[in-house]
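Readers should treat all values here as calculations from the given coordinates under stated rules, not as data from a laboratory. This structure is a prediction, so every number in the text was calculated from the model and none was measured. Counting neighbours? That spans all protein chains shown, and the Cβs are built from the backbone with ideal geometry, glycine included.
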Amino acid sequence: MFGENELSHVLVVALLTFLVNIPFGYWRAKVEKFSKEWFLAIHLPVPLIVAFRLLMGVHLNIPTVVVFVISFFLGQRVGIVLNRLLERKLGETSKNLFADLVRLFQKSRVEGVNR
C-alpha cells in the first residue's frame, strides 16, 4: 500500500493536517452553523494542507484520502472540544484559540500568585 518513505510522509502530512485544523475547529465552535464564517473555518485550511501534501510528494489514493479526511475532522473536533473546555475555565471564550490560551495562562499565573 505505502512504501516505507511514503508512509512517513503520509503520517507527517496527516499530523500537520490534524494540528492545522485545531484552531479552525476552535473558531468553528463559536460561529453559527452554515454561516459564512462556519464555511471558512472548514475550508480555509484546505489549500495549506494541499501544499503540505505536494511539498512532501504524497500522491492521492484511497488510503491517503481516508487518512487525511480522518485527520482533518479529528483536528476540527479537537478544536471544538478545546473551546468547550476553555469555556469552563475562562467563562467566555473568543474565536481565537491562541488568545484564549494566553488568557488562561495569565489567569493561572494570577491565581498562583494569590495563593
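Treating each Cα of segment 64-103 as an identical point scatterer and ignoring solvent, apply the Debye formula and state log10 I(q)/I(0) at q = 0.26 Å⁻¹.
Normalising to I(0) and taking log10 leaves -0.79.
With a cut-off of at most 16 other beta carbons within 10 Å, and DSSP calling the residue loop, which GluC sites (Glu not before Pro) in segment 1-110 qualify? Please list them. All intermediate terms of the calculation are to be shown ahead of the outcome.
Numbers: sites: Glu4, Glu6, Glu32, Glu37, Glu87, Glu92; in loops: Glu32, Glu92.
For GluC sites (Glu not before Pro) across segment 1-110 that sit outside H, G, I, E and B with at most 16 neighbouring Cβ atoms in 10 Å, the list reads Glu32, Glu92.
In Å, what is the Rg of the alpha-carbon atoms in the chain, and how long is Dmax?
According to the Cα coordinates of the chain, Rg and Dmax are 17.1, 57 Å.
Over the chain, what relative contact order in percent results from Cα pairs under 8 Å that are six or more residues apart? Spell out each step's value before the answer.
Details: 108 pairs, mean separation 44.1, N = 115.
Value for the chain: 38 percent.
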